[in-house]
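To keep things clear, I will list the structure first and then write my remarks on it.
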Amino acid sequence: MPSLKELKTRKTSVQSTRKITSAMKMIASSKLHHAQMAIHNMLPYSEQMEHILKVFLASMPGTQTIFEEERAEVKRVAMLVFSSNSSLCGAFNSNVIRMTKQVVEEYKAQGITDITIYPLGRKIAEKVARMGCKSAGDFTDLADKPNAHECSRIAKEISNKFANNEYDKVEMIYHHFKSAGSQVLTRKTFLPIDLSTETIGADNDRDLSSSIATAKAQEYLRKRNKVATKRNQEAIIGLNDDFIVEPDMETVLSLLVPQMLHLMVYTALLDSVASEHAARMVAMQTATDNADQLLEELSLQFNKSRQTAITNELLDIVGGSVNN
């Protein structure tokens, strides 16, 4: 059994660790709030663009752009993979790396070896060379500071290479942020883009109302915001669809679809950043709870050991006095 001094030292160490994890949980919660606000501020633009695109495609069902064309044979593949720059966020990065490895092995099994990865995050960038894939550059800064202009540049570069047949297929791997307690690892085809009206807007199922990760609290907030959500949907449905298009629909679509691609990259980045902070918040909360439980066990063990030592001393005193 450990001595009282060892138990006391262990308690002090656990208390110090608990302070750190608790502080990191609060920091992650604050960063999560800012990440949610970034998504919230982006949503009106996203929803309006999706709405306009749906109206245009419904009015021109036979229209097809170069970004929708599927290649008969896939030889060159590119992947946009989103991870974080730092750790201590649970299985966030390991899940991304695991899925990326699975996708790379899947393509290599099909005989496709020309694979280029755009690593948006330091953790995935460190693994690219080990996978035997080419890295398209250094994009680690975006994982900490999302930038719409830089995302637009990446999307433009990829779309131009796809149009010039340098890439036959492009995929995205990222965490889709649904709520503070739910982040879904997603594999999505970026190019050729799917412009069917059923898929447009399918990912707009986020709960940005709070930073609470418990299921009971989320259910309460979901019910409370149900009326407001219904009003917002009615407002979107009631938008005027009587557009005047100049010079023609094909020209507008040729400009609108690249903007949609830019938005997809930026949205995935915001989702990944919010998911990272949510995962870190949950991980630090779990570590803090574990520290509290360990402190209770150490306190109980310390009290038992101290009581045993006091009892032994009393027995020695009483035994000595009886002998005398």
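Brief remarks on what is shown
- Label-point separation in nm, residue 160 to residue 64, each point 7 Å along Cα→Cβ: 2.6
- Apportionment of accessible area to carbon and sulfur, the stretch 95-140, percent (1.4 Å): 44
- Phi-derived couplings, Karplus 6.51 cos²θ - 1.76 cosθ + 1.60 at θ = phi - 60°, listed residue by residue for the stretch 152-163: 5, 5, 5, 4, 5, 4, 5, 5, 5, 5, 5, 5 Hz, with x used for Gly and Pro.
- Cα-projected label distance for residue 102 with residue 252, points at 7 Å along beta-carbon direction, nm: 4.1
- Between amide H atoms placed 1.01 Å from N, distances below 5 Å from residue 185 occur with 176, all of them 5 or more places distant or on a separate chain.
- A 1.4 Å probe over all protein chains sorts 138, 144, 207, 168 by accessible area into 138, 144, 207, 168, starting with the largest.
- Shown are 134, 11, whose ranking by accessible area with a 1.4 Å probe and every protein chain present, most to least, is 134, 11.
- Modelled FRET efficiency - R0 51 Å, residue 188 with residue 6, Cβ distances, 0.05 increments: 0.45
- Close amide H contacts of residue 179 (hydrogens built in the peptide plane, cut-off under 5 Å, sequence separation of 5 or more or a different chain): 207.
- Computed extension length for residue 74-residue 91: 2.9 nm, one decimal, from 0.36 nm per residue of separation with the Cα-Cα distance subtracted.
- Förster radius 25 Å - calculated FRET efficiency between residue 34 and residue 205 (Cβ-Cβ, nearest 0.05): 0.75
- Computed from phi, the 3J(HN,Hα) profile of the stretch 307-316 under the Karplus parametrisation 6.51, -1.76, 1.60 (θ = phi - 60°) reads 5, 5, 5, 5, 4, 5, 5, 5, 5, 5 Hz, with x in place of Gly and Pro.
- Per-residue accessible area (protein heavy atoms, 1.4 Å probe) orders 280, 187 as 187, 280, starting from the largest.
- For the stretch 1-104, GluC sites (Glu not before Pro) meeting the loop criterion (DSSP other than H, G, I, E, B) and having at most 13 other Cβ atoms within 10 Å: 69, 70, 73.
The values are calculated or read from the model by the stated rules, or taken from the named source; none is laboratory data. In this text the structure is predicted, and so the values were computed from the model without any measurement. Cβ: placed from backbone, ideal geometry, glycine included. Neighbour counts: every protein chain shown. Surface accessibility is based on the protein's heavy atoms, side chains included, excluding ligands, DNA and RNA. Shrake-Rupley method; radii C 1.70, N 1.55, O 1.52, S 1.80 Å.
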